[in-house]
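Take a look at the structure below.
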Amino acid sequence: MSEIKPTETLDVRGEVCPYPDVMTQKKVKSMKSGEILEVLVDYPLSVERIPESVKKMGHEVLKVEKTGASEWKILIKIK
Amino acid sequence: MIEPTAILSGLIVGILFGFTLQRGRFCMNSAFRDIILLKEYTLLKAVIVAIIVSMLGFHIMASLGIIQLNPKPLSWGADIIGGFIFGVGMVLAGGCASGTTYRVGEGMVGSFVALLGFMLSAVITGSGALSGVKSYLETTTKITITDPGPLIAPSSRSPTLANIIGVDPWIIVIIIAIVGIGALAWKRGGEGKTEGSLSEKIFKRGWPWWATGIVIGIIAMIAFPASAATGRNYPLGITGGWSTFLNALIKGDANVLSWETFLVIGVVIGAALAASIAGEFKLRAPGPGRLIQQFIGGLLLGIGAVIANGCNIGHILSGVPQLAISSIIFGFFVIIGCWTTAYLLLMRR
């Protein structure tokens with residue numbers, strides 16, 4: 001799995017908690033099994049939180065990658 | 001005029017506090033909201049640890065004669081209404097008083113806008129157009145006791161869990177500590193080991209909840225005598241810091257500045273330092289709709305905190321450990337306000 005192509009991208013940069021978490025959960029619920037969601041986030045707490053809450057929902061977190069100064073990319077595979 | 005030593009001590013305690021808030025992601029808004037929203041208790045545990053550590057610390061220092069406790073006066077109407085408004089505001093603003101303050105140091109423009117609303121309405125409610133509401137609620141629902149009991153400043157007339165039933169405060173302190181530690185042991189988890197060297201753990205990673213709670217409790221213990229030495233006999237606080245800051249700017253009068261003013265400035269500096277070292281500082285803003293929402297949230301935070309005579313730090317982190325009834329009522333209604341708003345705004349689809 002070198003380069004994973006996301007099905008959809010959710011940009012929650014600039015948002016404070018809880019919005020990155022809530023928006024991610026909402027998006028995840030609207031997607032189909034097997035699809036990949038890419039979340040762009042710049043809020044540190046949410047970078048720790050989103051993978052936790054997504055795992056709790058039963059989905060797989062493929063990757064959490066730091067892409068710049070206070071910027072991260074989270075890849076989620078919908079189960 | 002404020003002494004240079006007071007400025008320095010306020011700044012130092014503030015920098016330590018801001019650094020810890022940022023590293024620990026310490027946010028009471030998230031702590032309370034996540035209980036219903038995500039069934040997540042990690043930050044709540046940090047809050048409980050901080051309250052237990054400072055409660056034990058304050059009572060030990062008072063027993064040793066280092067400080068005299070100064071619980072906030074009880075006006076139940078002001079505490080209920082102020083607490084509820086504050087709880088609503090905190091969800092809209094995306095942070096409580098301390099959360100909003102430390103996020104300014106992270107470069108979050110939304111939190112900066114919320115802070116502007118917070119300062120503005122704190123001054124309007126404290127000494128401006130809304131001051132009548134505050135004084136009406138304060139005078140009509142005031143309850144005082146005649147004997148503050150041991151460890152408390154003799155001039156205090158504020159009811160606490162101990163003096164209202166006439167028992168030694170230590171009995172209540174020990175009961176609360178046992179119940180609190182029991183609750184933490186019952187809801188275990190989230191202690192997770194982080195990778196890396198000690199300096200990486202301190203400067204680069206988010207702190208685990210227990211470390212955050214203990215460090216905040218210790219900072220509160222340092223804050224109490226440090227602030228008392230400047231004539232402000234109280235531990236940490238945020239609201240008074242920002243309202244004195246804006247008042248000093250508007251009136252051009254440096255005499256209104258206090259230890260708390262420099263504390264809040266220190267919090268922003270400390271959080272900015274922590275965020276920069278960890279590579280988490282960036283100027284960033286949400287869309288215009290969210291900015292307006294955060295500004296309105298900030299206005300509500302200021303109105304609520306000034307009506308109730310304290311915010312989540314002054315009441316929940318500093319007043320509850322002193323067993324103040326007013327702070328306990330405030331905290332309860334902050335949670336009610338927070339949950340109501342989180343439900344209406346975030347959970348109903």
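The values are calculated or read from the model by the stated rules, or taken from the named source; none is laboratory data. All figures in this text were calculated on a predicted structure; none of them were measured in a lab. We place every Cβ from the backbone using ideal geometry, glycine too, and count neighbours over all the protein chains shown.
Based on this model, can you work out whether B:F118 counts as crowded, with 22+ Cβ neighbours inside 10 Å, hydrophobic (A, V, I, L, M, F, W, C), at pLDDT 95 or above and closer than 19 Å to B:F333 by Cβ? Yes, satisfied. Determine whether A:I74 is closer than 30 Å to B:P288 by Cβ, surrounded by 15 or more Cβ atoms within 10 Å (Cβ to Cβ) and not small (G, A, S). So A:I74 fits the description; yes.
Taking the range B:296-349, which residues are surrounded by fewer than 24 Cβ atoms within 10 Å (Cβ to Cβ) and touching a strand residue (DSSP E or B) at 6+ places or on another chain (Cβ under 7 Å)? Listed by number, the list holds a single entry, B:I325.
Contact map, the range B:29-41: first residue in contact (Cβ under 8 Å) with a residue 24 or more places away in the chain, second residue in a loop (DSSP other than H, G, I, E, B) and basic (K, R), Cβ cut-off under 7 Å, separation 6 or more or different chains; pairs are B:Y41/B:K187. Considering the range A:37-79, the residues that are among the small types (G, A, S) and out of contact with any Lys or Arg (no Cβ under 9 Å at 6 or more places or on another chain) include one that is nearest to B:G107 (Cα to Cα), namely A:S46.
To keep it simple, each residue is scored yes or no on (1) within 14 Å of chain A (Cβ to nearest Cβ); (2) β-branched (V, I, T); (3) without any contact (Cβ under 8 Å) to a residue 12 or more places away in the chain.
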position: B:A308; (1), (2), (3): no, no, no
position: B:L323; (1), (2), (3): no, no, no
position: B:F330; (1), (2), (3): no, no, no
position: B:F333; (1), (2), (3): no, no, no
position: B:I336; (1), (2), (3): no, yes, no
position: B:T340; (1), (2), (3): no, yes, no
position: B:Y343; (1), (2), (3): yes, no, no
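Does B:F19 count as assigned to a helix (DSSP H, G or I), farther than 30 Å from A:P20 by Cα and at pLDDT 95 or above? Against the criterion (assigned to a helix (DSSP H, G or I), farther than 30 Å from A:P20 by Cα and at pLDDT 95 or above), B:F19 does not qualify. Among the residues of the range A:44-78, those identified as without any contact (Cβ under 8 Å) to a residue 12 or more places away in the chain and either within 9 Å of the chain's Cα centre (by Cα) or within 9 Å of chain B (Cβ to nearest Cβ) (or both) are A:E48, A:E52, A:K56, A:K66, A:G68, A:A69. Restricting B:F26, B:F17, B:F32 to residues that are buried (at least 23 other Cβ atoms within 10 Å of the Cβ), within 14 Å of chain A (Cβ to nearest Cβ) and under 23 Å from B:T261 (Cα atoms) narrows the list to B:F26.
Tell me which residues, restricted to the range A:1-43, are without any contact (Cβ under 8 Å) to a residue 12 or more places away in the chain and away from every other protein chain (no Cβ under 14 Å). Passing the criteria: A:S2, A:E3. If you go through the range B:196-235 and pick out every residue that is closer than 13 Å to B:N70 by Cβ and either of a type outside the set (F, W, Y) or assigned to a helix (DSSP H, G or I) (or both), you end up with 9. If you check B:A226 against the conditions, is it within 14 Å of chain A (Cβ to nearest Cβ) and more than 28 Å from B:L345 (Cα to Cα)? The answer is no for B:A226. Just one of (1) out of contact with any helix residue (DSSP H, G or I) (no Cβ under 7 Å at 6 or more places or on another chain); (2) modelled with pLDDT of 95 or more; (3) surrounded by fewer than 18 Cβ atoms within 10 Å (Cβ to Cβ); (4) not basic (K, R) fails for B:S131. It is (1).
Considering B:F281, B:F330, B:F295, B:F262, the condition of being among the aromatic types (F, W, Y) and touching a His at 6+ places or on another chain (Cβ under 6 Å) is satisfied by B:F330 alone.
So that you can scan it fast, the table gives a plain yes or no per residue for (1) of a type in the set (V, I, T); (2) assigned to a helix (DSSP H, G or I); (3) out of contact with any Ser or Thr (no Cβ under 6 Å at 6 or more places or on another chain); (4) at pLDDT 95 or above:
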| site | (1), (2), (3), (4) |
| --- | --- |
| B:F262 | no, yes, yes, yes |
| B:G266 | no, yes, yes, yes |
| B:I269 | yes, yes, yes, yes |
| B:A272 | no, yes, yes, yes |
| B:K282 | no, no, no, no |
| B:P286 | no, no, yes, no |
| B:G289 | no, yes, yes, no |
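Checking the range B:70-88 against the condition returns a match, with at least one residue being in contact with a Ser or Thr (Cβ under 8 Å, 6 or more places away or on another chain) and farther than 21 Å from B:I335 by Cα.
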